[in-house]
Ligand code: TXE
């Protein structure tokens, strides 16, 4: 087939969006509008309103009213499940459109965007079952005169702030579980990738979610995001983004109403490769772990920690994989690595590459921008002779840059892996079950992969140790995170009097 025939075309005009409150779009009107250019092509693709603080208040009021009158939390699990199931089906129906806008705004390959959207539909389908399974506990052992119940109640109005690296996926790792718990939502997507969050709000309304349960405000982090984290009528906030902003979220919660927080922050995730691993599999997995989404994943495997006896050979194997991976136009079906999402991120990555060079690391491959005539692309980059103090070994780069550090013993591998302020994810590659289990137990990370990487799905929870965050998303753990626990003591029969 002619390659050009497998490339989607760009939109002729950018799509105009409003923001979403109480079950319907509010048009931009006289508000300022943010025009988003496709990072792979530099052409305008969407226009998104910059909401004001009054707009945010309106969205919070809508979510507050929907929660307080119990129009959603008062339904039984079966009714909530039906809405979530319909939403899953509608996501599948509109999958092409959602994936297209995800690629246009983010720059990720279209095939990857489609796979992510299918995964998102699955999350709604899975969470629908959880809406029916969520339950508490009982104590029937308190004596004949007493029964104890532990019930779970939805926390209330939940604010969600999401980043630009997986705009739809990260949203769908939260929304269906939050709705399954009975909470209502005000979401604020990243200013550069708001389209698919707005499309999800449309879908939920069409699926029968009562008005006011899913609201979306759009605009910058420093204005509308900051106002959301400080909002006194928001009961819980789920934030995904940089550790620096995560700190502001914690401070704002302390200053306002001590809202409950869920935080998913940065990562500097180890890939530990032992000499007895299937090295071919490991090289492929390691290349995937840092190349996927151009390394702009909080769980990217950015630190390769490899047994010294195979280190040189293995680094050549990874270099060979990088040489074959298809970098290019995100709208091309064949592309495996697309564009860098923002100019700021592109500058950050290139500055780290320069720092790696000046700090004395040895560049094995990559290290430069790739020129496709438009957009911004960075070649997968591999650094050897990296030491523990170098900034490329310590700081989250959030780009396709992999550092290599050798080790001699299992203990040393574990020590290097844990030598970071983060604890989001880790992978280990070995055919020795003892080593695999020892490493899995002792490396501090919220997600672990053995002889694979970046595997996921709706069943298993997500979240980090150390400065990578608080709490867990997805799975039943994710639903429970959005509930409060109430203890109920029930007296049976005649009370033993206090006053005779
Ligand atoms: O993140 P920000 P940025 C890391 C990654 C990247 C760096 C900077 O290392 O290079 O962060 O990316 C909103 N109050 N991660 O600047 O600023 C913002 O509008 C409330 C890791 O894009 O943290 C967006 O919706 N909200 C990460 C969201 O926060 C604020 C994913 C994330 O933006 C705000 C993304 C404020 N004061 C970046 N300021 C991961 N864990 O996956 C910004 N925001």
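The values are calculated or read from the model by the stated rules, or taken from the named source; none is laboratory data. Every value quoted in this text rests on a predicted model; they were computed, and no experiment measured them. All Cβ positions, even for glycine, are placed from backbone atoms using ideal geometry, and neighbour counts span all protein chains on display.
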Selection within region 214-237 - near the ligand (Cβ under 9 Å from one of its atoms) and free of Cβ contacts under 8 Å to residues at least 60 places away in the same chain | 222, 226, 230
Right, residue 353: buried (at least 22 other Cβ atoms within 10 Å of the Cβ) and within 25 Å of residue 462 (Cβ to Cβ) or not?
-> no
Taking residue 460 and the conditions (1) loosely packed, with under 15 Cβ neighbours inside 10 Å; (2) in contact (Cβ under 8 Å) with a residue 24 or more places away in the chain, which numbered condition does it fall short on, given that it satisfies the others?
-> (2)
Within region 421-441, which residues are touching a strand residue (DSSP E or B) at 6+ places or on another chain (Cβ under 7 Å) and more than 16 Å from the ligand (Cβ to nearest atom)?
-> 427, 428, 429, 436, 439, 440
Are any residues in region 343-369 over 27 Å from the mean Cα position of the chain (by Cα) and part of a strand (DSSP E or B), and if so, which ones?
-> 362, 363, 364, 365
Does at least one position in region 195-205 carry a residue that is closer than 20 Å to residue 257 by Cβ, touching a helix residue (DSSP H, G or I) at 6+ places or on another chain (Cβ under 7 Å), at pLDDT 95 or above and within 15 Å of the ligand (Cβ to nearest atom)?
-> no
Being surrounded by 15 or more Cβ atoms within 10 Å (Cβ to Cβ), closer than 24 Å to residue 164 by Cβ and either over 28 Å from the mean Cα position of the chain (by Cα) or touching a residue at least 24 places away in the same chain (Cβ under 8 Å) (or both), is that true of even one residue in region 310-319?
-> no
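Quick check on residue 367: is it over 24 Å from residue 96 (Cβ atoms) and not assigned by TED's automatic domain parsing to the domain that holds residue 103?
Considered against the rule, which asks whether it is over 24 Å from residue 96 (Cβ atoms) and not assigned by TED's automatic domain parsing to the domain that holds residue 103, residue 367 comes out as yes.
Quick grid of which residues meet (1) without any contact (Cβ under 8 Å) to a residue 12 or more places away in the chain; (2) crowded, with 19+ Cβ neighbours inside 10 Å; (3) away from the ligand (no atom under 16 Å from the Cβ):
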site	(1), (2), (3)
386	no, yes, yes
393	no, yes, no
403	no, yes, no
414	no, yes, yes
419	no, no, yes
Looking only at region 238-262, which residues are outside any loop (DSSP other than H, G, I, E, B) and within 9 Å of the ligand (Cβ to nearest atom)?
-> 239, 240, 243, 244, 245, 246, 248, 249, 252
What is the number of the single condition among (1) within 16 Å of the ligand (Cβ to nearest atom); (2) surrounded by fewer than 24 Cβ atoms within 10 Å (Cβ to Cβ) that residue 211 does not meet?
-> (1)
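Within 16 Å of the ligand (Cβ to nearest atom), crowded, with 21+ Cβ neighbours inside 10 Å, within 30 Å of residue 32 (Cα to Cα) and over 19 Å from the mean Cα position of the chain (by Cα): does that describe residue 161?
Considered against the rule, which asks whether it is within 16 Å of the ligand (Cβ to nearest atom), crowded, with 21+ Cβ neighbours inside 10 Å, within 30 Å of residue 32 (Cα to Cα) and over 19 Å from the mean Cα position of the chain (by Cα), residue 161 comes out as no.
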Run residue 268 past the list (1) touching a residue at least 24 places away in the same chain (Cβ under 8 Å); (2) farther than 20 Å from residue 467 by Cβ and report the number of the one that doesn't hold.
-> (2)
Select the strands (runs of 3 or more DSSP E) contained entirely in region 395-500, then report the ones holding at least 2 residues which are under 18 Å from residue 289 (Cβ atoms).
-> 401-407, 425-429, 447-450
